[in-house]
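Okay, so here's the structure we're looking at.
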Amino acid sequence: MPRILIIDTYYPEFLTDLYRKEPDLSTLAYDQQINRIFAKCFGVSDAYSTGLRAAGAEAQEVICNADVLQSQWAQEHDVEPFANIHDRRRQIVAAQINHYRPDILLVFEWCPLGDAFLADMKKTVRFLVGQIASPLPPKRTFAAYDGMISFWPPLLYYFRRRGIKTERMNLAFDSRILSRLPFAQPKYDVSFVGGFASNHTERISWLEDLLAEVPIHIFGYGLEQTVADSPIRRQHHGEAWGLSMYEILHNSRITLNYHARIDVEGESPANIAGNMRMYEATGVGTCLLTEWKENLGEIFEPGRDITTFENSREGIEKIKYFLTHDEERKKIALAGQTRTLRDHTYSVRMRELLDLFNRHI
């Protein structure tokens, strides 16, 4: 079985908030620090390495922009860090690659390491693969990669046109989180957890439409992207990361989802579903209300596993209906969770990923 090293990049806002709230974290040994970070359940956490090891591979993960954590690794391995932050990140990751000696290097993009660094690292591994399901970082060629992974068809076509082997793989849910969520009666009738950025303008308008008639508890980053008198600001309860985010979803009768626009060479198809929130919300057993998309039936069965809307008016009516038809809402929530735990966990997905790696190397 191959030896795999995964390079992840976390939101800087999450890392800053975590080390501010837990100042003792920076005093811990590397293994203790990274395990505490993984325990926060941010992003995919260590679900990839755990799932790959369960499937029979050797796997480790590093968080390349967790600078306090990475500096601790450098100290423990006698690496004298460079002064410049960008050089230091590359230096430490290069030392980790040399230390772990992986057959396969899997890099989550957005990655701050850059094309030239990846080209150098390609010489040391059998297979260099990237994974991306977000807008393409600027000024990148991705030419060093032997392969790419994405669930987003326009990105698949983009890389294939450039001669890079590209495979589709859907996102997933980390079922281990369920053991961390205590049973509780729902605290929120309707919630929305997500960000507001330049590619979320439609999301912002949609939420403002809904708020004209339906109270929604809103959590997330990027509030400054909304106008000063936006009703979103009156319903906003701050950011929610990792386990706190899952607790909000778990404690909601209904949670809402609206996909970001992912622009690829000037095109931003609006008919494709598959973001993380779909798996997170259904995974914790919440009734998910999301936009209708052409490919939804490939992931969930609309009307049974999840409920959908095609415009703001329909979204408002669906919210009002399911808040007054509790048994129907619970039935959809249970069906969605059953589907996710059967078909869309990282245990399932990492077996698929390992099969993909074995085919390509």
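The values are calculated or read from the model by the stated rules, or taken from the named source; none is laboratory data. Just so it is clear, the structure is predicted and the values come from calculations on it, not from any experiment. As a convention, Cβ positions derive from the backbone with ideal geometry for all residues, glycine included, and neighbour counts pool all protein chains shown. For accessibility, only protein heavy atoms count, side chains too; no ligands or nucleic acids. Shrake-Rupley method; radii C 1.70, N 1.55, O 1.52, S 1.80 Å.
Structure notes:
- Of the residues screened, GLN75 is not one that is open to solvent by 40 Å² or more (accessible area, probe 1.4 Å) and under 24 Å from the mean Cα position of the chain (by Cα).
- Taking every residue in the stretch 223-240 that is without any contact (Cβ under 8 Å) to a residue 24 or more places away in the chain and at negative phi and pairing it with any residue that is among the polar types (S, T, N, Q) and surrounded by 13 or more Cβ atoms within 10 Å (Cβ to Cβ), at least 6 positions away or on another chain, the pairs with Cβ-Cβ distances below 8 Å are ARG233/THR226.
- Within the stretch 47-66, considering residues that are open to solvent by 50 Å² or more (accessible area, probe 1.4 Å) and not basic (Lys, Arg), the one nearest to SER175 (Cα to Cα): ALA54
- Scope the stretch 152-162; condition assigned to a loop (DSSP other than H, G, I, E, B) and open to solvent by 10 Å² or more (accessible area, probe 1.4 Å); matching residues: ARG162
- Leading residue by the ranking (most open to solvent (accessible area, probe 1.4 Å)) among those in the stretch 118-130 that are in contact with a helix residue (DSSP H, G or I) (Cβ under 7 Å, 6 or more places away or on another chain) and more than 22 Å from TRP152 (Cβ to Cβ): THR124
- When the residues of the stretch 87-117 are filtered to those that are modelled with pLDDT under 95 and open to solvent by 40 Å² or more (accessible area, probe 1.4 Å), the one that is farthest from the chain's Cα centre (by Cα) is PRO112.
- Elements of the type helices (runs of 4 or more DSSP H) sitting completely within the stretch 1-117 and holding at least 1 residues that are in contact with a helix residue (DSSP H, G or I) (Cβ under 6 Å, 6 or more places away or on another chain) and without any contact (Cβ under 8 Å) to a residue 40 or more places away in the chain: these cover 30-38, 67-76, 85-100.
- Taking the criterion of being assigned to a helix (DSSP H, G or I) and either closer than 10 Å to CYS287 by Cβ or touching a strand residue (DSSP E or B) at 6+ places or on another chain (Cβ under 9 Å) (or both), the residues of the stretch 305-320 that qualify are GLU314, GLY315, ILE316, GLU317, LYS318, ILE319.
- Residue in the stretch 121-143 that is more than 20 Å from the chain's Cα centre (by Cα) and part of a helix (DSSP H, G or I) present: yes
- A search for C-beta distances below 6 Å between a residue of the stretch 145-160 that is touching a residue at least 12 places away in the same chain (Cβ under 8 Å) and any residue that is among the aliphatic types (A, V, I, L, M) and in a helix (DSSP H, G or I), counting only pairs 6+ apart in sequence or on different chains, returns SER150/LEU156.
- Qualifying residue in the stretch 309-327 (condition: open to solvent by 20 Å² or more (accessible area, probe 1.4 Å), modelled with pLDDT of 95 or more, over 28 Å from ALA55 (Cβ atoms) and among the aliphatic types (A, V, I, L, M)): yes
- Residues of the stretch 132-157 that turn out to be among the hydroxyl-bearing types (Ser, Thr, Tyr) and either touching a Pro at 6+ places or on another chain (Cβ under 7 Å) or closer than 23 Å to MET121 by Cα (or both), as a count: 3
- Failed item in (1) within 17 Å of the chain's Cα centre (by Cα); (2) at pLDDT below 95, with ALA270 passing the rest: (1)
- A Cβ distance below 6 Å, combined with a sequence gap of six or more or placement on separate chains, defines the contacts here; from the stretch 274-289, residues that are among the aliphatic types (A, V, I, L, M) reach residues that are open to solvent by 10 Å² or more (accessible area, probe 1.4 Å) and part of a loop (DSSP other than H, G, I, E, B) in the pairs MET276/LEU171.
- Summed over the stretch 131-141, residues that are in contact with a Phe, Trp or Tyr (Cβ under 7 Å, 6 or more places away or on another chain) and either among the basic types (Lys, Arg) or open to solvent by 20 Å² or more (accessible area, probe 1.4 Å) (or both) total 2.
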